[in-house]
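The values are calculated or read from the model by the stated rules, or taken from the named source; none is laboratory data. Note that this is a predicted model, so its numbers are computed, not measured. In this analysis, Cβ positions are derived from the backbone assuming ideal geometry, glycine residues included, and neighbour counts consider all displayed protein chains.
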Ligand code: SF4
């Protein structure tokens, strides 16, 4: 392998919502000696560890947070019971819910009030999807794709909202499958722009290269989704969390490598991967 050319996706790195959440988290660690975070702030182990060093403690439930202390709601958001519990326990709640996620929650609540059966296109176990359901009074149903319609009973009036990381094709398939089954359909396309732009740019790069490197947490929904759609182009795709995981043999017979990263990946991590790729290419030259 001689010359390796590297193409990085411009949209890689922290999105607006994650940048905002991190800023709020950093301000909170300056203001309070201890701040509880309801679940990991973002799906990036390295960043979470850094915040822990500054006094942030990850907890599972608001009930674990001591009375009269401080807690942070992450960008994925939380259900209304969390806000109620915080008020009761006099916890200073710093709300880092991404405004785009808030928009999904509000749409789900509004459709529920208007008596629609709300379907949340999303991942069943994902905290963002679960919080959206909670904002719909717990009545909404999470569906992962159009195939799920064969397993649930839909009413005549259905409204669809999406977890922000969903793909437009999946939403279109769901809508197409729903139409013949029901009388009335409302759809809130709540897919986040940052996600779709990053996905489109990543597919564009994946199509041009021999190997695609996707950087981001293994538990990050949007990073896993990026890896999946890059792989679907037919280009070999490797999902890593940090530059140390890069392997020289991935570059065998490779002349072009692409780099993209999920919404919770700092630009420094992207730069570290680029540097390591250059080193590995030189070692294998
Ligand atoms: S990906 Fe979009 S919705 Fe999710 S945190 Fe970032 S800006 Fe907000």
Looking across the stretch 109-127 at residues that are under 21 Å from the mean Cα position of the chain (by Cα) and in contact (Cβ under 8 Å) with a residue 60 or more places away in the chain, the single one that is nearest to residue 147 (Cα to Cα) is 123
Exactly one of 260, 237 is surrounded by 20 or more Cβ atoms within 10 Å (Cβ to Cβ) and under 16 Å from the mean Cα position of the chain (by Cα), and that one is 260
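Given the residues 234, 258, 217, which is the only one that is at pLDDT 95 or above, assigned to a loop (DSSP other than H, G, I, E, B) and in contact with a helix residue (DSSP H, G or I) (Cβ under 9 Å, 6 or more places away or on another chain)? Walk me through it before giving the result.
Values: 258 fails: assigned to a loop (DSSP other than H, G, I, E, B); 217 fails: at pLDDT 95 or above.
Testing whether each residue is at pLDDT 95 or above, assigned to a loop (DSSP other than H, G, I, E, B) and in contact with a helix residue (DSSP H, G or I) (Cβ under 9 Å, 6 or more places away or on another chain) leaves just 234.
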Reported set for the stretch 50-65 where residues are over 10 Å from residue 36 (Cα atoms) and outside any helix (DSSP H, G or I) is 54
Picked from the stretch 28-49 (must be loosely packed, with under 15 Cβ neighbours inside 10 Å and free of Cβ contacts under 8 Å to residues at least 24 places away in the same chain), the residue farthest from residue 97 (Cα to Cα) is 33
Of the residues that make up the stretch 151-167, is at least one out of contact with any helix residue (DSSP H, G or I) (no Cβ under 6 Å at 6 or more places or on another chain) and in a helix (DSSP H, G or I)?
-> no
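When you check residue 221 against the structure, is it farther than 20 Å from residue 6 by Cα, outside the structural domain of residue 121 (by TED's automatic domain parsing) and within 20 Å of the chain's Cα centre (by Cα), yes or no? Give the derivation first.
Values: farther than 20 Å from residue 6 by Cα: yes; outside the structural domain of residue 121 (by TED's automatic domain parsing): yes; within 20 Å of the chain's Cα centre (by Cα): yes.
Criteria met by residue 221.
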Scanning the stretch 75-94 for residues that are surrounded by fewer than 18 Cβ atoms within 10 Å (Cβ to Cβ), without any contact (Cβ under 8 Å) to a residue 24 or more places away in the chain and in contact with a strand residue (DSSP E or B) (Cβ under 9 Å, 6 or more places away or on another chain) gives 83, 87
Of the residues in the stretch 185-202, those that are touching a residue at least 40 places away in the same chain (Cβ under 8 Å), more than 13 Å from the ligand (Cβ to nearest atom) and not in a helix (DSSP H, G or I) come to 186, 188
